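Okay, so here's the structure we're looking at.
The values are calculated or read from the model by the stated rules, or taken from the named source; none is laboratory data. Keep in mind that this is a model prediction, so the values were computed, not measured. Heads up, the Cβs are rebuilt from the backbone with ideal geometry, glycines too, and the neighbour counts pull from every protein chain shown.
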Amino acid sequence: MSAVTPARPAATDGSRPKTASGSDGHPPRKGLTGLQRAFGRHPIGTLLALPYAVFLVAVFAYPVVLAAWMSVHDWFFSAPGVEVDHPYVGFENYRQVLTDPAVHQAFLNIAVFLVINVPLTVALALVLAVALNRAARGRTFFRVAFYVPYVTASVALVGVWLFLLGGDGVVNSLLGPLAPQPSWLVNSSLAMPSIAGFVAWKQLGFFVLLYLAALQNVSKDLYEAASMDGAGRVRQFSTVTVPGVRTTTALVVVLATITGANLFTEPYLLTGGGGPDGASTSPVLLMYQLGIEQGNPDTASALGIVLVVCVGLLVLLNRRLLRSES
Amino acid sequence: MSATTPVREELERRPKGASRWLVPAVLTLGALAFLLPFYLMVIGSLQAEPDTSLSGLVPSGGLTTANYAAIDGSVDLWRTLLNSGVITGGAILGTLVFGVLAGYALAVLQFRGRGTLFAMVLLVQVIPFQLLTIPLYVLTVRTYGLADSYLGMVLPFLVNTTAVFVFRQFFLQLPPDLFSAARIDGASELRVLWSVALPLVRPALLTVVLLTFIGPWNEFLWPFLVTKEADMQPLAVALANYTANVAATTSNPYGAVLAGSVVLAAPAVGLFLLFQRHFTATNLSAGVKG
């Protein structure tokens, strides 16, 4: 959202009203009521923005602080209305999280997810976007067809994919004797790749639209020049199109990383709670199991903070790589 | 350089050789991959015993609505649809009312704390929901006492921050003189917003309704966490619980699960098809999750 800039310097009003009577060099403003001196030129603005400000504090700011607080205290559920001590435990919760083999497994699973999902998404979305850009007819139809899974609930799509990938499902009956044993979702080396494929399929339409928008900004002259130099279609694709949409590719990688870090519905439903044997657990699924099923919200909060730090580092690394390339 | 024009035209309009058939082939293959599962969803939900073989693609036996009756027997479809509707409606209403007020204040009015509020809006965009899941659960269920209530389920979606951005952007595009003129005529600030500014940003209202609908309607994790009573669950949660329970037990659970999937998918897909030209990457980038 860096493209959004305030129309006027936002601080000028926020910081000045109390000194408006002259100490900052401005002549005292005439006709200002006491209310305006306290709340700015349009005191009603405070009132209009108040519900949203309260919402932000209650639903974002306070929970973030609480997560950090819980992660360094011994926090457990108590009977409602009972006051209990939550002693400070330092990094004990973090130590538990970082030494838990289930956590290692979950992060490893997300790494597998990213290694499969990201290249698949980038390659397929780019190919489809280029084809859509060149299409002579039926653009609207194809655009809609690609986008439908994106607006559909994961829960609804999981039903179909269970039907497709189940032991006696459509895919296996097509493969016949080539069907994997055990089947896709109950096979510990295929469960996570299946999830990565499902998520790529579901989200692809959105990324096709992103690439389609990016392709409009690739100069036609570059294709012309490449064509004059004797570059064929494939060569034009690799020397003009791919570098031309590089910033979008970086965005796709960031968004896919965030999706992977947020993964919950798919391992919960598609592979029956991160099965088989933890081969498809995700950190968020683990947070749910730790924090709510097992009643340890303090370790779950620590896991949440570790996860966010990891995502933040990956995103920064991605930025750094992109910058050093250009 | 007279040669450039024909070259350019040829590049754009008359692909030669392979790409003459390659482009339609790639697109058709893509469309098939995206639409076939939806076809299977519908056709599977209408068959007594969904056939997973290739010949099952074209149903030979009669079609039946028995699966819809079956899912309605296990999951109260009307009740859960109503719950989904209330949650989604609440999010849309909250976003329209509080989002418009906040967007207007941020764009047009000068008041103390505007800079701080805008900084918070920017910050919210980068706070991932997974960090908030546990503390927000503790707060909602324990501190605010909102377990198994509509307000508890709507709470994180009550004001869509992307929508606040959209409103602010639209209000910023209106000429400031418009507001001064109305104020000089003695209109109150709410009156200026309601009679002058709002009618001019009507397209923003549609965009916001669309981008706010899909998130809460499709959301699973949050309502799943804060509801225990089946009566309060939205369809996505009820269907997920059904899927998780029967997938292991029933020999052929697909029919009823697919029927439930069709009912859950239909409103979002229908809305998308109706307003598909409003769904662009820029409009919806941060608004859609789950």
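This table checks each residue for (1) farther than 30 Å from B:Phe167 by Cβ; (2) in contact with a Gly (Cβ under 8 Å, 6 or more places away or on another chain); (3) surrounded by fewer than 22 Cβ atoms within 10 Å (Cβ to Cβ).
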{"residue": "B:Val42", "(1), (2), (3)": "yes, no, yes"}
{"residue": "B:Ser45", "(1), (2), (3)": "yes, yes, no"}
{"residue": "B:Tyr104", "(1), (2), (3)": "no, no, no"}
{"residue": "B:Gln110", "(1), (2), (3)": "no, yes, yes"}
{"residue": "B:Thr116", "(1), (2), (3)": "no, yes, yes"}
{"residue": "B:Ile134", "(1), (2), (3)": "yes, yes, no"}
{"residue": "B:Ala147", "(1), (2), (3)": "yes, no, yes"}
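Kindly indicate which of B:Pro6, B:Pro15, B:Pro24 is more than 21 Å from the chain's Cα centre (by Cα), surrounded by 15 or more Cβ atoms within 10 Å (Cβ to Cβ) and modelled with pLDDT under 85.
B:Pro15
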Single match in B:Leu36, B:Leu32 (criterion: modelled with pLDDT of 90 or more, in a helix (DSSP H, G or I) and surrounded by 13 or more Cβ atoms within 10 Å (Cβ to Cβ)): B:Leu36
Residue in region B:227-236 that is modelled with pLDDT of 80 or more, outside any loop (DSSP other than H, G, I, E, B) and within 10 Å of chain A (Cβ to nearest Cβ) present: yes
Of all residues in region A:117-163 being among the basic types (Lys, Arg) and in a helix (DSSP H, G or I), the one that is nearest to the other protein chains (Cβ to nearest Cβ): A:Arg134
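Name the single residue that is nearest to A:Pro243 (Cα to Cα) among those in region A:206-225 being facing another protein chain (nearest Cβ under 8 Å) and not charged (D, E, K, R). It would help to see each step written out before you state the result.
Keep residues of region A:206-225 that are facing another protein chain (nearest Cβ under 8 Å), which gives A:206, A:209-210, A:212-213, A:220, A:223-224.
Among the residues that remain, those that are also not charged (D, E, K, R) are: A:206, A:209-210, A:212-213, A:223.
Working: A:Phe206: 20, A:Leu209: 18, A:Leu210: 15, A:Leu212: 14, A:Ala213: 15, A:Tyr223: 12 Å.
If we take residues in region A:206-225 being facing another protein chain (nearest Cβ under 8 Å) and not charged (D, E, K, R), then A:Tyr223 is nearest to A:Pro243 (Cα to Cα).
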Residue among A:Thr257, A:Thr247, A:Thr239 that alone is β-branched (Val, Ile, Thr), within 12 Å of chain B (Cβ to nearest Cβ) and farther than 22 Å from B:Ala236 by Cα: A:Thr257
Out of A:Ala106, A:Ala68, sole residue that is of a type in the set (A, V, I, L, M, F, W, C) and under 23 Å from A:Ser188 (Cα atoms): A:Ala106
Test: residue in region A:103-112 that is within 30 Å of A:Gly244 (Cβ to Cβ) and not β-branched (Val, Ile, Thr): yes
Qualifying helices (runs of 4 or more DSSP H) (wholly inside region B:71-170; at least 2 residues being over 24 Å from B:Tyr242 (Cβ atoms) and facing chain A (nearest Cβ under 9 Å)): B:77-108, B:114-126, B:129-137
One residue from A:Leu316, A:Leu286 being within 16 Å of A:His104 (Cα to Cα), among the aliphatic types (A, V, I, L, M) and in a helix (DSSP H, G or I): A:Leu286
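Does B:Val192 fit the bill of being under 21 Å from the mean Cα position of the chain (by Cα) and buried (at least 18 other Cβ atoms within 10 Å of the Cβ)? Let's see the steps before the verdict.
Working: under 21 Å from the mean Cα position of the chain (by Cα): no; buried (at least 18 other Cβ atoms within 10 Å of the Cβ): yes.
Taking the combined requirement at face value, the residue does not satisfy it.
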Number of positions in region A:59-80 that are under 18 Å from B:Val141 (Cβ atoms), surrounded by fewer than 18 Cβ atoms within 10 Å (Cβ to Cβ) and facing another protein chain (nearest Cβ under 8 Å): 3
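Okay, residues lined up against (1) buried (at least 22 other Cβ atoms within 10 Å of the Cβ); (2) under 27 Å from the mean Cα position of the chain (by Cα); (3) hydroxyl-bearing (Ser, Thr, Tyr):
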position	(1), (2), (3)
A:Phe146	yes, yes, no
A:Val160	yes, yes, no
A:Leu175	no, no, no
A:Ser188	no, yes, yes
A:Ile195	yes, yes, no
A:Ala213	no, yes, no
A:Ala226	no, no, no
A:Arg235	no, no, no
Hits in region A:247-262 - residues which are of a type outside the set (Ser, Thr, Tyr) and within 13 Å of A:Leu307 (Cβ to Cβ): A:Ile258, A:Gly260, A:Ala261, A:Asn262
Scope region B:151-178; condition closer than 29 Å to A:Glu83 by Cβ and surrounded by fewer than 17 Cβ atoms within 10 Å (Cβ to Cβ); matching residues: B:Leu151
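Please pick out the residue among A:Thr259, A:Thr271, A:Thr281 that is in contact with a helix residue (DSSP H, G or I) (Cβ under 8 Å, 6 or more places away or on another chain), in contact (Cβ under 8 Å) with a residue 24 or more places away in the chain and not in a loop (DSSP other than H, G, I, E, B).
Values: A:Thr271 fails: not in a loop (DSSP other than H, G, I, E, B); A:Thr281 fails: not in a loop (DSSP other than H, G, I, E, B).
None of the other options fit; the residue is A:Thr259.
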Every residue from region A:277-310 that is within 7 Å of another protein chain (Cβ to nearest Cβ) and surrounded by 24 or more Cβ atoms within 10 Å (Cβ to Cβ): A:Val284, A:Met287, A:Gly291, A:Pro297, A:Ala300, A:Ser301, A:Gly304, A:Leu307
Selection count, region B:171-188, where residues are more than 8 Å from every other protein chain (Cβ to nearest Cβ) and part of a helix (DSSP H, G or I): 10
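Does region A:18-37 contain any residue that is part of a helix (DSSP H, G or I), at pLDDT below 50 and not β-branched (Val, Ile, Thr)?
Residues of region A:18-37 part of a helix (DSSP H, G or I): A:18-19, A:34-37.
Narrowing further to those that are at pLDDT below 50: A:18-19.
Filter again for not β-branched (Val, Ile, Thr), leaving A:18.
Looking through region A:18-37, at least one residue is part of a helix (DSSP H, G or I), at pLDDT below 50 and not β-branched (Val, Ile, Thr).
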